[in-house]
1. How much net charge surrounds Tyr83 when only other residues with a Cβ under 13 Å from its Cβ are counted (Lys, Arg +1; Asp, Glu -1)?
2. With point charges of +1 on the Cβ of Lys and Arg and -1 on the Cβ of Asp and Glu, referenced to the Cα centre of the range 20-87, which listed residue (Tyr36, Ile71, Ala57) lies farthest in the positive direction of the dipole?
3. With the crude spin-label approximation of a point 7 Å out along Cα→Cβ, what separation in nm comes out for Ile41 versus Asp29?
4. Could I get the Rg over Rh figure for the chain? Both from C-alpha atoms, Rh via Kirkwood, rounded to two places.
5. Rounding to the nearest 10 and keeping the result within 0 to 90°, find how far the Cα-based axis of helix 51-63 lies from the longest principal axis of the chain.
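What follows draws every value from the coordinates through simple rules; no lab data is involved. Here the structure is a predicted model, which means the values were calculated and not measured. Backbone-built Cβ (ideal geometry, glycine too); neighbour counts: all protein chains shown.
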Amino acid sequence: MTNHNPEQIKKERYENLKERINEFKPTWDKNGVIQYRTERIAILHRVTGSQVEFIIAFDDLTRDGYRLMAIDEEGDSSGGYFYFQKI
């Protein structure tokens, strides 16, 4: 980012994110309990009817050194999203 114009910097950041989508999308499972997991972060989705799977995934993540950082249950009547970071 060589330009110091704030709008240009925002545009370059967004373009960088768009370019990297293909790198991340293959491991994203939008319908799964484990929606996303890397060596740094993980996102679980608590889905109605998949409570046992959620508990197993949650247990696996904490055993592997991930720590729950945030929970987002707003706007999702089927459960919520749980964001983890590896410590």
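1. Residues close to Tyr83 contribute a combined charge of +3.
2. Tyr36
3. 1.9
4. Looking at the chain, the ratio lands at 1.10.
5. 60
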